[in-house]
Every structure is written in structure tokens, then in C-alpha cells.
Amino acid sequence: MESNNSDINSADMPDCGNSDTALKAAYHTLGCKLNFSETSTIGRMLRDRGILTVAEGETPDIVVVNTCSVTEMADKKGRQLIRRISRDFPQATIVVTGCYAQLKPEQVSELPGVAVVLGSNEKLRIGQYLDRWLETHTPQIDVTPPREIRQFMPSCERGDRTRWFLKVQDGCDYFCTYCTIPYARGRSRSGSIADIEAIARRAASEGATEIVITGVNIGEFGADTGESFLELLKRLDAIESVQRYRISSIEPNLLTEEILHWIASESRAFMPHFHIPLQAGSDRVLKLMNRRYDTTLFAERIALIRKLMPDAFIGVDVIAGARGETDEEWRKSMEFIDSLPITRLHVFPYSERPGTAALMIGHTVPAEEKHLRTARLMQISEKKHADFINASIGREVRVLWEAPRSGSKTMHGFTENYIRVEAPLDSDLINKISTVLLTAESISELRE
Ligand code: SF4
């Protein structure tokens, strides 16, 4: 699953009133796009209950923290954030949810200022728990064991004024040996195509121009309902006012040839932009990780994307220094990754997670070596990304312009194949697509 550790600025969320007496809430998100989307849903639910969203500079009565637990570092960031909030707003009621809260509820409840801790099944019932806390001032801790997590609520939430996140699936049945997500989010479950299409149409009617399809393991969409991911994509593609769709991270074995052919030759609005986790470029390490593909399948998928969509952006996740990655496996892995015609790597140094099967694998990589491997992979990534960008300079591209932060004199947008472009602010172009000539000056650094 993709992780982008973004702190949502509560000021991004619209206010719904101006009462001086109503409670006010602030929202913070760590982790992936799915968390981001769920925080927006929580914000909307609280606003529906009359709880306003704080404006910049205001003091919140309630702070919701949606945590991540993808690495030990993510847990640490969650603890630091909660401590900082408690220091800055000692009177605020802190509500913590997300993967860290699901996996370590006791640890989270002991952090200063934390009044409510909610697991994955409980987070969308936050209003009830808040009511109980406000009435009784008794700490509320409720976490359903992962095997019993059943709740799924599709959502389509605005990330900013341009891009929306459509949640189509949650949980994962893959049990990769290094990963805690199946324990944090439960088994794979999906919405129905009819429900998802309805909420996407609602978002379209509210102005959604670009929608990113998210989930934990989105290629597993429909495994529990008998519906197909490709059919879902086709139904979404038919919503004409949505000008662009992107698929967030998808497992290589689930990004089928049929889906790729359809995107390349039949779809109206699916962008040539893919995010595919590789994790290791050695078959032996992939086996130890319990991944469902080998390097041959991965290389075939990348080659097919390049053949069908030569300019596609292909982002690839890699874990550096996983257990079992001996010097020999690392060498093979690096050579394999370097040989792939991909655009950019997202490199994560391997992080030991308590309770995972990976701890049974004997060979460990010393921290210093892990950092060297990370640095080497980052170099490969920078080179590939620079080549990708340089090859695009001088071309005419279509950019969807996004709303800038207030006060900014520039705006930015993305090309179809996810090159970030900057230009002087022209308010008439926000949320619209225009054709521009790509120059070295107009391309800005990609921040994810
Ligand atoms: S596919 Fe593997 S890495 Fe991704 S969420 Fe599932 S168990 Fe974790």
C-alpha cells in the first residue's frame, strides 16, 4: 500500500457555519491516500452533527488524528504529533483512530490528552463515541479484532479543490510477511459497483474533475462480491463530467493485461499513470515476502505498459534491506530495478514490525547497510525521473490546474502522465485543463 505521510491542513476543509458557541474540530492525517479520504469522511460526519472545522489560527475543542502504522517510524510520527497537539491545545479532546490506534490501542490511550481511541471498524461511528465522552468524560477505547472487521463504507472525498479520492475497497487478504495492514484493517472487502458509481456521480455533481481510485489492495476489488474491477472502471469512465481518473497503488499480478489494454485503447478518462509495488527485485526475497508474483511477471507488466503507453508515468515501491536480502540478492535486485523502464521509485528502508512473520527470516541487514541500499535506490530513482522529465521537454501537454494555497502567486497542475508543472496564477484556469508547452522552467519538483 502506498504511503505519502501527509498532514491534512484543517483549513482545507470547508466550514459549515459561523456559530460562536459550536464546537470546533481540527483534523490531522498520517499515511496513505485512503486515510486522507477517511479523514475527510470523518470531517463531513462531524460537520453534519454541527461540529465546525477550525479556521487557521483558531483553537480546536476536538482534534482528530488518523494514524498510520506502516513502519516503526509512522508509529513514532503519530506519537510525536499527538504530544505536540496536547502541548499546543491542552484543553482539546484528542480522538485517535487509524492503523496505529487499531494495532496499539493501549499505547495510544496513554499518550497525553487522548480521550477516544477508535479502531478500523469504529472510526466511522466517531460521533457516537464523542457524544459519550462529552456526556461522561470517561475515556472511550473501542477496537474490534481484525478478523471481525466487516464494516465498509465507500466514500468519495475532496482532497483539495481539484482532486477527489474514491474509496472502493478496504482490508487485505495477502498477508505479506513484513506487513501489518491485514491486522490493522482486516480482511478484504469492497463496495458494490452501483453504490460506488452513485457516490462518484454525486462527487461529479459537486465539481470533481479528477478522481483517484483508492483502497488497500484495490485489485482485489470484487473478490468478496463477485463483481470485477474492470467493470467498475468502465462504469466510472462513463461519468462524463469527470475528466480524469487515476488508479492508486495496485499489485502487479492484479493489474491484468485486459485492464492495461482497456486503459490504453478504450477508456476515455483513465490516465497513463501507474503505481505498482515491486518491493524486491530478487525472486528469492519476493518468496520470503510472500508476494504473489515474480520478477518475470513484473518485468512483463512494465514492458506491456511501455508498449501500450510509451509516455506513462510508472512509480514503483521498493523496500531496501528487507530480511533475507543478502549481499547477493541485493545485487540481483538492484540490477533488475535499474533495468526496468520505470519512472520513479518510492524507497522504504525495511522496518521491523512486531508480530509479523518476517521476524522468522534469519538473515538481517545491518542499519548502515540498509541506509546505503536506500541511498543507492534513490540515486537510481533520481536518474530515471530526470530522464523521464527531460524526454518530455518541448512537448505540448494537457495540464489540469489545481487551486493554490491562499496568497500564492503561482499555481501548479499535473500533466496526464503526472508531471508537475508550475505557472503564474491565472484564477480562470483553476480546475480546468489547458494545453501548454513543457519547458525546463515550467516543470517543478514532484512532491508526493
Ligand atoms: S498486499 Fe501485502 S503489503 Fe499490501 S497491504 Fe496487503 S499484506 Fe500489506
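Of note:
- Selection from the stretch 176-191 of residues that are outside any loop (DSSP other than H, G, I, E, B) and either away from the ligand (no atom under 11 Å from the Cβ) or acidic (Asp, Glu) (or both): 189, 190
- Listed conditions (1) within 15 Å of the ligand (Cβ to nearest atom); (2) more than 19 Å from residue 197 (Cα to Cα); (3) not aromatic (Phe, Trp, Tyr) are all met by residue 220, apart from (2).
- Meets criteria (away from the ligand (no atom under 16 Å from the Cβ), in a loop (DSSP other than H, G, I, E, B) and either farther than 27 Å from residue 146 by Cα or over 19 Å from the mean Cα position of the chain (by Cα) (or both)) for residue 208: yes
- Leading residue by the ranking (nearest to residue 24 (Cα to Cα)) among those in the stretch 110-153 that are of a type in the set (Ser, Thr, Tyr) and out of contact with any helix residue (DSSP H, G or I) (no Cβ under 6 Å at 6 or more places or on another chain): 129
- Inclusion of residue 100 among residues that are of a type in the set (Ser, Thr, Tyr), surrounded by fewer than 22 Cβ atoms within 10 Å (Cβ to Cβ) and in the same structural domain as residue 50 (by TED's automatic domain parsing) is not warranted.
- When each of 270, 298 is tested for being under 23 Å from residue 221 (Cα atoms), modelled with pLDDT of 95 or more and within 16 Å of the ligand (Cβ to nearest atom), the lone residue that passes is 298.
- When 352, 300, 325 are checked against the criterion of being acidic (Asp, Glu) and in a helix (DSSP H, G or I), 300 stands alone in meeting it.
- Where a residue in the stretch 173-193 is closer than 22 Å to residue 156 by Cα and free of Cβ contacts under 8 Å to residues at least 60 places away in the same chain and its partner, wherever it lies, is outside any helix (DSSP H, G or I) and among the basic types (Lys, Arg), with Cβ under 8 Å and at least six apart: 189/150; 191/167
- Picking from residues in the stretch 153-175 that are crowded, with 20+ Cβ neighbours inside 10 Å and among the hydrophobic types (A, V, I, L, M, F, W, C), the one that is nearest to the ligand (Cβ to nearest atom) is 172.
The values are calculated or read from the model by the stated rules, or taken from the named source; none is laboratory data. Since the model is a prediction, treat every value here as computed from it, not as a measurement. Because the Cβ atoms are built from the backbone with ideal geometry, glycine has one as well, and the counts that use them run over all protein chains shown.
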